[in-house]
C-alpha cells in the first residue's frame, strides 16, 4: 500500500490542529512541584505549552495534580473519576517517545544529559567528561559527583571506574518540598557535591537558579553502549487515537513556538529525531 507523502501528512496534521476535539476542557495530568516541567503556579515550560494548546483549541485548561513518581500514569491518565463519568485527565505533556505506559505523540523535544560542574572549586579546567577518570589520584580522591540509583550517568560512572566518587541519590525523591532538580541545585550550592550528570531540562533549571557562569555545562555524547540523548513527546491513553492526532497536529503547527518557550529555560535542544519506522516515503 502506498504511504502518504510526508508533506501531505504534515498538512493533514496542521488541519487537525485547527479542529476542536469536541470538548470544552484541555485536561492535563501534571506534577504540582516539578520545575522546570510543571508547577501549581504554572511556571513550567509544560504549563506554558499546555496553555498555548488550550488557547488555540478554545478550551479551558484544567489540571489533575499528582507527584510524578511511581504510579503517576496509573493515578492520573488511567484513573477514572470517582463518579464513573470518565477519566481524571487526558494528556501528559512530557513522556519519552515510545514509552509503554501510554500512547506517545510525535516528539517535540530532543535533549541530552549534561555534565554540570560548579565553578571555583578546582574543576574549572574540565572541558570534557573524558578528563574525569584520568585525573591525578590525589585530585580524584576528592571528587564528589552525584550518582543516581539508575540512569545513563551512573552507567557512565561505572564504566569509567568512578563509582567510589559517587554521592548517592534516588531518581524519584519522596520529598514533598523538592524535586530532584531542586535538591541537586541546593547540594551543588552547599558543596555536598561538585558536579552531576543530569538530564537536560533539569540541568537547565539548576543553572537558572544561580548567577550566570556559575557552572561549566558539558553535553554528554551518546555511545553505542550508553545513550544520553532522548526524544520527548506528549501522551494519551492507549487507543485515544483522535486525541493523539489532534496533539500531533498542534505540535506540528506550533513547533517554532514550542522551541522558543523551551529555549527560555536554558535547556539543551538537539535536532528532533523522528522515531524509527515513523518516516514516510515521499
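The set of residues in segment 117-140 being touching a residue at least 12 places away in the same chain (Cβ under 8 Å), assigned to a loop (DSSP other than H, G, I, E, B) and within 18 Å of residue 191 (Cβ to Cβ) consists of 119, 121, 122, 123, 124, 126.
Only residues that are in a loop (DSSP other than H, G, I, E, B) and either more than 19 Å from residue 123 (Cα to Cα) or not assigned by TED's automatic domain parsing to the domain that holds residue 192 (or both) were counted in segment 143-171, giving 5. Out of curiosity, is residue 72 within 16 Å of residue 29 (Cα to Cα), crowded, with 16+ Cβ neighbours inside 10 Å and without any contact (Cβ under 8 Å) to a residue 60 or more places away in the chain? So residue 72 passes the test.
Here residue 42 passes the criteria (1) buried (at least 18 other Cβ atoms within 10 Å of the Cβ); (2) in contact with a helix residue (DSSP H, G or I) (Cβ under 8 Å, 6 or more places away or on another chain) except the one numbered (1). Checking every residue in segment 257-273 against the condition of being free of Cβ contacts under 8 Å to residues at least 12 places away in the same chain, part of a loop (DSSP other than H, G, I, E, B) and not assigned by TED's automatic domain parsing to the domain that holds residue 128 gives zero matches.
Answer with yes or no whether residue 97 is under 20 Å from residue 31 (Cβ atoms) and at pLDDT 95 or above. Give the steps one after another, and end with the answer.
On the way: under 20 Å from residue 31 (Cβ atoms): yes; at pLDDT 95 or above: yes.
Yes; evaluated as a whole, the condition is true for this residue.
Quick one: would you say residue 85 is in contact (Cβ under 8 Å) with a residue 60 or more places away in the chain and surrounded by fewer than 18 Cβ atoms within 10 Å (Cβ to Cβ)? When the stated conditions are applied, residue 85 does not pass them.
Based on what the data block shows, is residue 77 at pLDDT 95 or above, part of a strand (DSSP E or B) and surrounded by 17 or more Cβ atoms within 10 Å (Cβ to Cβ)? When the stated conditions are applied, residue 77 does not pass them.
Of the residues in segment 199-214, not one is in the same structural domain as residue 143 (by TED's automatic domain parsing), in a strand (DSSP E or B) and either surrounded by 15 or more Cβ atoms within 10 Å (Cβ to Cβ) or in contact (Cβ under 8 Å) with a residue 60 or more places away in the chain (or both).
Given the condition more than 21 Å from residue 37 (Cβ to Cβ) and in a loop (DSSP other than H, G, I, E, B), answer yes or no: does some residue in segment 85-105 qualify? Yes - at least one qualifying residue is present in segment 85-105. Counting the residues of segment 48-74 that are on the phi < 0 side of the Ramachandran plot and assigned to a loop (DSSP other than H, G, I, E, B) gives 6.
The values are calculated or read from the model by the stated rules, or taken from the named source; none is laboratory data. Please read these numbers as outputs of a predicted model, since none were measured by experiment. With ideal geometry, Cβ positions are generated from the backbone for all residues, glycine too; neighbour counts draw on all protein chains shown.
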